1. Of the residues Asp17, Asp11, which single one is at pLDDT 95 or above and either assigned to a loop (DSSP other than H, G, I, E, B) or open to solvent by 30 Å² or more (accessible area, probe 1.4 Å) (or both)?
2. When you scan the stretch 64-93, how many residues do you find that are more than 15 Å from the chain's Cα centre (by Cα), hydrophobic (A, V, I, L, M, F, W, C) and surrounded by 14 or more Cβ atoms within 10 Å (Cβ to Cβ)?
3. When only residues in the stretch 36-53 that are out of contact with any helix residue (DSSP H, G or I) (no Cβ under 8 Å at 6 or more places or on another chain) and over 13 Å from Leu72 (Cα atoms) count, which is least open to solvent (accessible area, probe 1.4 Å)?
4. Could you say which residue among Ala99, Ala73 is without any contact (Cβ under 8 Å) to a residue 24 or more places away in the chain and within 23 Å of Leu137 (Cα to Cα)?
5. Here is a list: Gly69, Gly23, Gly80. Which entry is modelled with pLDDT of 90 or more, on the phi > 0 side of the Ramachandran plot and not assigned by TED's automatic domain parsing to the domain that holds Arg126?
6. Looking at Phe102, Phe169, can you tell me which residue is within 18 Å of the chain's Cα centre (by Cα) and modelled with pLDDT under 80?
7. Of all residues in the stretch 142-161, how many are part of a helix (DSSP H, G or I) and crowded, with 16+ Cβ neighbours inside 10 Å?
8. Kindly evaluate Trp159 against the criterion of being closer than 22 Å to His75 by Cα, among the aromatic types (Phe, Trp, Tyr) and at pLDDT below 85.
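The values are calculated or read from the model by the stated rules, or taken from the named source; none is laboratory data. What you see is a predicted model; the values in this text were computed from it and never measured. Cβ placement follows ideal geometry from the backbone for every residue including glycine, while neighbour counts extend to all protein chains displayed. Heads up: the accessible areas ignore ligands, DNA and RNA and are worked out on the full protein's heavy atoms, side chains in. Shrake-Rupley method; radii C 1.70, N 1.55, O 1.52, S 1.80 Å.
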Amino acid sequence: MLREQGIDWDDLQSECDQIVLFGSRAVGAETKHSDVDLLCVGFGRRLKTEEVDLVWYTPEFILSPKWLGSELASHIAAFGVWLHGHDNWSKYVKVSEDAIDFKRHLICRRIAAMQRTWQHLAPDYRVKHVVKLRRDLQRLVIMKAGRAIPATPILDDEWVRMGSSCKAFLELLSESGEPELIRASQLRLIRDHLPRLDWRYEDSLTALA
């Protein structure tokens, strides 16, 4: 898959101190829509396509408090697979309050944007944004509990076990312990739409067809 994107594995290794596989493929939870997610520690430029996502950070940044406290670092530290180089940072990872605040504000902005634009969104985009909101809310709850963020398919499986319903969504809101987010349960657009959502984005589109 890398070669199809014009990436030579030997060249990539020579440019990186570390290469770490993360995301769904690192835990064997990939679907036919999953890309290959790689953390590259070096001085390259990010490459993101439908098949590959190469995330680059410098050796200095990977040891910084900003990285070690980030959501992505918590995921990679817990679930990443080192393909090249040696792990010199994962044992220092702990999700920071700044990362939690960022996620909280992201969710609030997402809700506000949905309120403004809902009537103008096509059905597939409504599904896309509600699913993103649900996943980010799951991530916020996990981050506040001090746990590592799992891959997206695992979040979706957990959503299925919760019931994939409006009630399950309201339970997530309550579990978040965030008054500002709990008020989002009054959003009619979410209450009306969630019962039609399945557990993965692609399946939700099929259900709407």
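1. One residue alone meets the criteria, Asp17.
2. Of the stretch 64-93, the ones more than 15 Å from the chain's Cα centre (by Cα) are 64-69, 81-93.
Remaining after also requiring hydrophobic (A, V, I, L, M, F, W, C): 67-68, 81-83, 89, 93.
Now drop any that are not surrounded by 14 or more Cβ atoms within 10 Å (Cβ to Cβ), which leaves 67-68, 82-83, 89, 93.
Number of matching residues: 6.
3. Asp53
4. Values: Ala99 fails: without any contact (Cβ under 8 Å) to a residue 24 or more places away in the chain.
Step by step, each of Ala99, Ala73 is checked, and only Ala73 is without any contact (Cβ under 8 Å) to a residue 24 or more places away in the chain and within 23 Å of Leu137 (Cα to Cα).
5. Gly23
6. One residue alone meets the criteria, Phe169.
7. Total satisfying the criteria: 8.
8. Against the criterion (closer than 22 Å to His75 by Cα, among the aromatic types (Phe, Trp, Tyr) and at pLDDT below 85), Trp159 qualifies.
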